[in-house]
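Engineer: Would you mind keeping the following structure in view while I ask a few things?
The values are calculated or read from the model by the stated rules, or taken from the named source; none is laboratory data. Quick caveat: nothing in here was measured; it's all calculated off a predicted structure. All Cβ positions, glycine included, derive from the backbone under ideal geometry; neighbour counts span all protein chains shown.
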Amino acid sequence: MVVGVCHLDFILQGSSLKEKRQVIRSLMARVRAKFNVSISEVGGQDLWQRAQVGICLVGNDRRFINSSLDKVIDYIEGIGLVEVVRSEMEFLNFNYDEV
């Protein structure tokens, strides 16, 4: 089993905290619906121009997980609602022997 975790830092061009929250909620709903990944705002909740989002995907093949997370990042950048200023990916491998 492979768990892929992606951490993204965003800059938003909004004028209020309320607008920022609307944009982030909309973005997360779109990503969930299109890619079937877990996504959550994990930092910067009280900053009106910055946000941090965590994305997680589980599967059997690291290449597939990596490719899928790359597609998620490309999709987020392509929407144009936020500017991705930093992204990090980490992969956790779990091997279970049959009993």
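Engineer: Counting only residues that are without any contact (Cβ under 8 Å) to a residue 12 or more places away in the chain, surrounded by 13 or more Cβ atoms within 10 Å (Cβ to Cβ) and either touching a His at 6+ places or on another chain (Cβ under 9 Å) or closer than 24 Å to ASN93 by Cα (or both), how many does the stretch 44-71 have?
Structural biologist: Residues meeting the conditions: 2.
Engineer: Filter the stretch 14-46 down to the residues that are out of contact with any strand residue (DSSP E or B) (no Cβ under 7 Å at 6 or more places or on another chain) and among the aliphatic types (A, V, I, L, M) and list them by number.
Structural biologist: Correct list: LEU17, VAL23, LEU27, ALA29, ALA33.
Engineer: While we're looking at this one, here's another question. Report yes if some residue within the stretch 13-26 is among the aliphatic types (A, V, I, L, M) and in contact with a helix residue (DSSP H, G or I) (Cβ under 9 Å, 6 or more places away or on another chain); otherwise report no. Outline the logic, then answer.
Structural biologist: From the stretch 13-26, those among the aliphatic types (A, V, I, L, M) are 17, 23-24; that's our starting set.
If we keep only those that are in contact with a helix residue (DSSP H, G or I) (Cβ under 9 Å, 6 or more places away or on another chain) as well, we get none.
No, the stretch 13-26 has no match at all.
Engineer: Here is a follow-up. Within the stretch 33-76, count every residue that is part of a helix (DSSP H, G or I), of a type in the set (Phe, Trp, Tyr) and over 11 Å from the mean Cα position of the chain (by Cα).
Structural biologist: The number of residues fulfilling the criteria is 1.
Engineer: Out of all the residues in the stretch 18-35, which are surrounded by fewer than 17 Cβ atoms within 10 Å (Cβ to Cβ) and either modelled with pLDDT under 95 or more than 21 Å from ILE65 (Cα to Cα) (or both)?
Structural biologist: Once the filter is applied, which keeps residues that are surrounded by fewer than 17 Cβ atoms within 10 Å (Cβ to Cβ) and either modelled with pLDDT under 95 or more than 21 Å from ILE65 (Cα to Cα) (or both), the stretch 18-35 yields LYS18, GLU19, ARG21, GLN22, ARG25, SER26.
Engineer: Oh, and also: Could you count how many residues in the stretch 14-29 are closer than 9 Å to TRP48 by Cα and out of contact with any Lys or Arg (no Cβ under 9 Å at 6 or more places or on another chain)?
Structural biologist: We begin by selecting, within the stretch 14-29, every residue closer than 9 Å to TRP48 by Cα; these are 14-21.
If we keep only those that are out of contact with any Lys or Arg (no Cβ under 9 Å at 6 or more places or on another chain) as well, we get 15-19, 21.
Here the count works out to 6.
Engineer: Sort out which residues of the stretch 16-32 are assigned to a loop (DSSP other than H, G, I, E, B) and under 15 Å from GLU83 (Cα atoms), and write them in order of number.
Structural biologist: Within the stretch 16-32, none qualify.
Engineer: Kindly provide the set of residues from the stretch 1-15 that are in a strand (DSSP E or B) and either surrounded by fewer than 20 Cβ atoms within 10 Å (Cβ to Cβ) or among the β-branched types (Val, Ile, Thr) (or both), ordered by number. Reasoning before the result, please.
Structural biologist: Just the residues of the stretch 1-15 that are in a strand (DSSP E or B), to begin with: 2-11.
Residues satisfying the conditions are VAL2, VAL3, VAL5, HIS7, ASP9, ILE11.
Engineer: Kindly provide the set of residues from the stretch 30-44 that are closer than 13 Å to ILE55 by Cβ and either of a type in the set (A, V, I, L, M) or in contact with a helix residue (DSSP H, G or I) (Cβ under 6 Å, 6 or more places away or on another chain) (or both), ordered by number.
Structural biologist: Across the stretch 30-44, the qualifying residues are VAL31, PHE35, VAL37, ILE39, GLU41, VAL42.
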